[in-house]
1. D:Thr253: more than 30 Å from C:Ile276 (Cβ to Cβ), touching a residue at least 12 places away in the same chain (Cβ under 8 Å), buried (at least 22 other Cβ atoms within 10 Å of the Cβ) and not assigned by TED's automatic domain parsing to the domain that holds D:Gly188, yes or no?
2. Quick one: A:Gly26 ticks every box in (1) in contact with an Asp or Glu (Cβ under 7 Å, 6 or more places away or on another chain); (2) at negative phi except a single one, so which number is it?
3. Between D:Ala118, D:Ala109, which is surrounded by fewer than 17 Cβ atoms within 10 Å (Cβ to Cβ) and assigned to a loop (DSSP other than H, G, I, E, B)?
4. If you scan the range D:30-44, which residues turn out to be modelled with pLDDT of 95 or more and either under 23 Å from D:Pro208 (Cα atoms) or part of a helix (DSSP H, G or I) (or both)?
5. Tell me, yes or no, whether the range B:137-159 has at least one residue that is buried (at least 21 other Cβ atoms within 10 Å of the Cβ), more than 10 Å from every other protein chain (Cβ to nearest Cβ), part of a loop (DSSP other than H, G, I, E, B) and in contact (Cβ under 8 Å) with a residue 12 or more places away in the chain.
6. For the range A:179-199, what are the residues that are at pLDDT 90 or above and within 13 Å of chain B (Cβ to nearest Cβ)?
7. Could you please find all residues in the range B:250-286 being part of a helix (DSSP H, G or I) and within 11 Å of chain A (Cβ to nearest Cβ)?
8. For the range D:217-249, give me each residue that is at the interface with chain C (Cβ under 9 Å from one of its Cβ atoms) and either more than 20 Å from C:Ala221 (Cα to Cα) or assigned to a strand (DSSP E or B) (or both).
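The values are calculated or read from the model by the stated rules, or taken from the named source; none is laboratory data. Predicted model, so just to flag it, every value in this text is computed and none were measured. Here the Cβ is made from the backbone with ideal geometry for all residues, glycine too, and neighbour counts use every protein chain on show.
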There are 4 protein chains.
Amino acid sequence: MRSKYTISQFADIAEAYPVIFFDSYGVLRNHRGLIPGAVETMDRLRKSGKHIRVLTNNAARSPAMAAERLAYYGMKDIPASEIITSGATTRHFLEQKVKHGKVAYLGTATSAEYIIGAGLEAIPISEVDFERLDEIGAVAFLDDEGYDMNVDINLLINILRRCQVPVVVANTDLLYPTTANDVALATGSVARLAEYVLGRKFVKFGKPATQMFQMGLDSVALDMPEVCPGDILMVGDTLHTDILGGNTYGMATALVLSGNTRPESAELEIEASGIIPDYVCPSIGQ
Amino acid sequence: MRSKYTISQFADIAEAYPVIFFDSYGVLRNHRGLIPGAVETMDRLRKSGKHIRVLTNNAARSPAMAAERLAYYGMKDIPASEIITSGATTRHFLEQKVKHGKVAYLGTATSAEYIIGAGLEAIPISEVDFERLDEIGAVAFLDDEGYDMNVDINLLINILRRCQVPVVVANTDLLYPTTANDVALATGSVARLAEYVLGRKFVKFGKPATQMFQMGLDSVALDMPEVCPGDILMVGDTLHTDILGGNTYGMATALVLSGNTRPESAELEIEASGIIPDYVCPSIGQ
Amino acid sequence: MRSKYTISQFADIAEAYPVIFFDSYGVLRNHRGLIPGAVETMDRLRKSGKHIRVLTNNAARSPAMAAERLAYYGMKDIPASEIITSGATTRHFLEQKVKHGKVAYLGTATSAEYIIGAGLEAIPISEVDFERLDEIGAVAFLDDEGYDMNVDINLLINILRRCQVPVVVANTDLLYPTTANDVALATGSVARLAEYVLGRKFVKFGKPATQMFQMGLDSVALDMPEVCPGDILMVGDTLHTDILGGNTYGMATALVLSGNTRPESAELEIEASGIIPDYVCPSIGQ
Amino acid sequence: MRSKYTISQFADIAEAYPVIFFDSYGVLRNHRGLIPGAVETMDRLRKSGKHIRVLTNNAARSPAMAAERLAYYGMKDIPASEIITSGATTRHFLEQKVKHGKVAYLGTATSAEYIIGAGLEAIPISEVDFERLDEIGAVAFLDDEGYDMNVDINLLINILRRCQVPVVVANTDLLYPTTANDVALATGSVARLAEYVLGRKFVKFGKPATQMFQMGLDSVALDMPEVCPGDILMVGDTLHTDILGGNTYGMATALVLSGNTRPESAELEIEASGIIPDYVCPSIGQ
């Protein structure tokens, strides 16, 4: 098969785009800490006047907490206002579409802030009263922690067999890395299992769905009113989320090989998936 | 299971929304012609100052041709500028993402206008020269007519086994009605078959993907700059496209029972799919 | 749509078949206890010389324990030798295909008897030593109890990312009833989730796969050497397992409405699934 | 990942098994003709008293025609009685399960022999009279040739929307090679598309489903009454059919690298799929 890409230096390709969207984990940092050279790269981009946003499939933390975490690792100048989480798009949906009732959720108490922030009452799945299911206005998959899989997934399935309410998934990732070699089931896997056994379709947030890209673009438009997707470079380490979503939204896309996609298998994965980034770079530090 | 909806009159629910998006087939007209009362409803909405757009999963016709067709059936006052087709979102993608090369397509010559309109050269799959595949910059599924399924799908599959280029699908509908009782395979079915046998992911346009909603909102924003999804009522006859997509985008949604979803099975289909419209109406004429 | 079935009395249709295979849960008993009239029906079938087997998607109990349980509920004359479990077909596979090594499993200690019965060593997933993965000869999904979903599914996924060994699923059921209204995830759901996130294919046992039918036929052939699938009536309450598998194996099939498939939705489910039983009966007691 | 196989010589591994099942295309021959050394290997196996069967996913030709074709290429001593086609298992199903009515089919006139051989009347989909659908007793997907995809797939879908009859698929292969580089859609792809748009489950024949293995074993049992799956070596070139099905049925499996699975990607495909052959050989000639 004919290959269409060569390896580029990130600094070279970033020049042409006034706006740059970064995925966080695997791009800015990984399990070892910050990607070497990432701080210098971000400084240089800021100085040259680029608009920067971080788009992360995560509903476990608020943008403020995500900013703190990046600062803790050494990337100190990304304000919460430049971080778009899939939790924030979920909150936006809940605000628009759920007018009343409690939102029953799977996740940590921290993740429930996205429900409370929408002006709604959050209740863990384990505390739902089956005698009062008419109180439930929506069900949300927020995080893979904060509940007991042995019990609470069955509760959720039985609630949904009785209740016809919107179901939202705040993160469609299937797995996330826990060490260099190990992974754990992410929220998207559990939601997919529930969809499959129930035969239903849930409303899903997080890349590759395009709401986060739109929220990022709307945020940049406050400073750069004429911005359009063609002005933006989406930088990510995952073909099925960052690159597929970025391509679909009409942005330029750069795959970095510092995270999920490894240098030795990048070409094969691109060929096999048919998801083709405009650029491939070793990392944003190079 | 607890049911959450009652049957509403379309006139009553439309009042609360300054912007109304309509699907076309099954909503404005069906195989018998215009939906009874549809012209009067549209007149009334215009007079009360509503912003109207028609969003149709169709790349077989340009917006101008779609407007002519509605006029032919008797709905004369919908201008092409208020019609958003999935072909138009596809054209937009091709403009942004395909810089050079020919776009090989499955579809009619008319559907290829969406390629040409993006400033690119269109070539039917059947005319692709296997000795010069490096000329091909993208592959597009546009329409279910205009080619020979016996030959051209195999050609397309063999081209994609050799070429690593973006593949776009201009309409993800699986079937479309041809008479009251009969259906035919739509473009989305053929694209899905190709994805499945190749193990790849294509870039897809048309509801429920949200690009058309965004294009509709951007178009309304020229006249109503502060418009947001919560201002919009999406009216459709199909749960998996109009209602799922509308809900995901954060718009209010109304299911009409004049097309794909029949009155006798609506409740069951809503329960079974978990795709829940905010309103259900017999038709836009009632 | 044209309907092809009428409701039959079980006694009438059983007459024509010298061999009858029964599913257990939903057919012989349900959450309330034995199906009314089931004991009398079985007595009558025995007296008229029918060959009887019970085929159950279950690896949680041995055939002897399954026989005891039926006896406890009041059906005393079904010997263990007439009960075929999906655990038994799994054990058969392990005997034939896994020559050495430990079999790491998800399930209860009781379910592990199917591994030990194959002459192999069983080790719970939670006790696998990641430093000695070369000891592992196969991985088995046996039961939905006996392990901690929060921890052990991730362990299993990380083992399979490192080890290239056969993976067997002893029961492909997705859900099982726990009360009249409630269900719980069965082994097949958890296995499917693991297949999905790993992108692999496991070896699966239990109806609709045909190994259990073959094991049932082989068992009957000891007494009735010329038996062929056309001699057998498969009686079940679930379209996707009992009826689909029975049809595929070439047996006559009878759907009973005393379990998973309810009288009010039977016709719709048959139409929707395209899985068509030869007969439909209220229960085996009628 | 730990690899479990080394490359073996076919002659060495065949010794231990009294019965050998071969796939045909990719194993005995490929697009260039007979695999070098295949005739000598078969002679040697015959002389040492092995029981041989050829199991081919094919309903386009009768066993007699398949034998002629092998003879034409130079393999002259495989009688029709030793060839098991997926068409033959389909015919067996039709005999057992379809008592009356015409069987409407997609395929060539030659493939329809499998319907006629079951004592039933065959009618091409294109000749079905929509006014007399109650004559139709079953629908069969037999071959990818002999009909017009542009018209007949839509006819078939509309027939199945009106008729509740068994649907059988005589070959679940998705693609077949037409030259060294090119493929064409096989019957299984078309059937899968119809299943998907209709939301139904068809009855499927051909490897990896185990009916063909059972038919092969039953045929060998006439000469070797005690034969069991553990006595058999299944030799194939395709992981998802020959090896997955052979493993599931409890036979030993040997992957040959002379067909669908290429030497350079074999290890990766085994790892990625989790379908693990007991042996890997360059070809049956080596």
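1. On the way: more than 30 Å from C:Ile276 (Cβ to Cβ): yes; touching a residue at least 12 places away in the same chain (Cβ under 8 Å): yes; buried (at least 22 other Cβ atoms within 10 Å of the Cβ): yes; not assigned by TED's automatic domain parsing to the domain that holds D:Gly188: yes.
It is true that D:Thr253 is more than 30 Å from C:Ile276 (Cβ to Cβ), touching a residue at least 12 places away in the same chain (Cβ under 8 Å), buried (at least 22 other Cβ atoms within 10 Å of the Cβ) and not assigned by TED's automatic domain parsing to the domain that holds D:Gly188.
2. All conditions are met except number (2).
3. Numbers: D:Ala118 fails: surrounded by fewer than 17 Cβ atoms within 10 Å (Cβ to Cβ).
Exactly one of D:Ala118, D:Ala109 is surrounded by fewer than 17 Cβ atoms within 10 Å (Cβ to Cβ) and assigned to a loop (DSSP other than H, G, I, E, B), namely D:Ala109.
4. The answer is D:Ala38, D:Val39, D:Glu40, D:Thr41, D:Met42, D:Asp43, D:Arg44.
5. Checking the range B:137-159: at least one residue is buried (at least 21 other Cβ atoms within 10 Å of the Cβ), more than 10 Å from every other protein chain (Cβ to nearest Cβ), part of a loop (DSSP other than H, G, I, E, B) and in contact (Cβ under 8 Å) with a residue 12 or more places away in the chain.
6. Of the residues in the range A:179-199, the ones at pLDDT 90 or above are A:182-198.
A:Ala191, A:Ala194, A:Glu195, A:Tyr196, A:Val197, A:Leu198, listed by residue number.
7. Let us first name the residues in the range B:250-286 that are part of a helix (DSSP H, G or I), namely B:263-273.
Correct list: B:Glu267, B:Ile270, B:Glu271, B:Ala272, B:Ser273.
8. So in the range D:217-249, the residues at the interface with chain C (Cβ under 9 Å from one of its Cβ atoms) come out as D:228-230, D:239-240, D:244, D:247-249.
If the condition is that a residue be at the interface with chain C (Cβ under 9 Å from one of its Cβ atoms) and either more than 20 Å from C:Ala221 (Cα to Cα) or assigned to a strand (DSSP E or B) (or both), then D:Leu239, D:His240, D:Leu244, D:Asn247, D:Thr248 are the ones that fit.
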